[in-house]
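Participant: Sharing a structure, written as structure tokens. Questions coming.
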Amino acid sequence: ALHVVVFYLSWRRTATLGSRGSATGEFNFPTYIAAHGDRLLVADSGNFRVQLLDLDGNVIASIGKKGDGAGDLSLPKGVAFDHEGRIFIVDAHFETVQIFDDAARLLLAFGNEGNGLGEFSLPAGITIDDQDRIWVADSGNRRLQVFTPVRAMP
């Protein structure tokens, strides 16, 4: 079965979330997970979406669907939260990073196919450090790219 298993730091299993399928709360090839406070993000790659869950496994939101429009996903891989709880999703097929607010509304997308700065080839992962720098594993180009968010003027 395909599901998410949650452990305490002591490696004691605490919960098993979801099962195989395409319904809400089910997964088809989950690939990456991220946590922020009491929320979990699961890249549900085979279902062309990312599911936002609470710690009990209840679905708060489903982000994306198969398609090629703004906010759609084709092959979601890496997922991350920034310190404000915004959601970052790397799509290996669209070769983009999409950013959503905590209500799962698309805020911004960046990147496209290529090997220049800000371009990706099969991006596979993402993490955001304590300074909110965005680190993207650009696997097809065999590199990491680092982005610094632009802050609004006070």
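The values are calculated or read from the model by the stated rules, or taken from the named source; none is laboratory data. Everything numeric here is computed off the predicted structure, so don't read it as measured data. Here the Cβ is made from the backbone with ideal geometry for all residues, glycine too, and neighbour counts use every protein chain on show. Side chains are part of the model used for accessible areas, which takes the heavy atoms of the whole protein and leaves out ligands, DNA and RNA. Shrake-Rupley method; radii C 1.70, N 1.55, O 1.52, S 1.80 Å.
Participant: Once you keep just the Cα pairs under 8 angstrom separated by 6 or more residues, what percentage relative contact order results for the chain?
Facilitator: About 12 percent, as a whole number.
Participant: How big is the Cα convex hull of the stretch 30-138 in projection, averaged over all directions, in nm²?
Facilitator: Quarter of the Cα hull surface area: 6.1 nm².
Participant: Where does each of VAL150, VAL97 land when they are ordered by accessible area, with a 1.4 Å probe and the largest first?
Facilitator: VAL150, VAL97
Participant: I've got another one for you. What's the long-distance tail for the stretch 32-71, i.e. % of Cα pairs beyond 16 Å?
Facilitator: Distances greater than 16 Å cover 33 percent of the Cα pairs.
Participant: Restricting to DSSP loop positions (anything but H, G, I, E, B) with no more than 10 other Cβ atoms inside 10 Å of their own Cβ, which chymotrypsin sites (Phe, Trp or Tyr not before Pro) remain in the stretch 24-121?
Facilitator: none
Participant: In the chain, what percent of the accessible surface is made up of carbon and sulfur (1.4 Å probe, ligands and nucleic acids excluded)?
Facilitator: 54 percent
Participant: I've got another one for you. Between SER121, SER139, SER45, find the one with the highest GNM mean-square fluctuation for the chain; connect C-alpha pairs within less than 10 Å.
Facilitator: Evaluated over the chain, the most mobile residue of the options is SER139.
Participant: Would you grab the residues whose amide H sits under 5 Å from the one on LEU75? Only those 5+ places off in sequence or on another chain, please, with H modelled 1.01 Å from N.
Facilitator: ALA92, HIS93, PHE94
Participant: How much accessible area per residue does the stretch 46-94 have, in Å², with a 1.4 Å probe?
Facilitator: 41 Å²
Participant: For the chain, which longest stretch is free of loop sites, where a loop site is one of the trypsin sites (Lys or Arg not before Pro) that DSSP puts outside H, G, I, E and B and that has at most 10 other Cβ atoms within 10 Å?
Facilitator: 13-141
Participant: Hey, another quick one. At 1.4 Å probe size, what's the solvent-accessible area of THR24? Round to the nearest 10 Å².
Facilitator: Surface open to solvent at THR24 totals about 110 Å².
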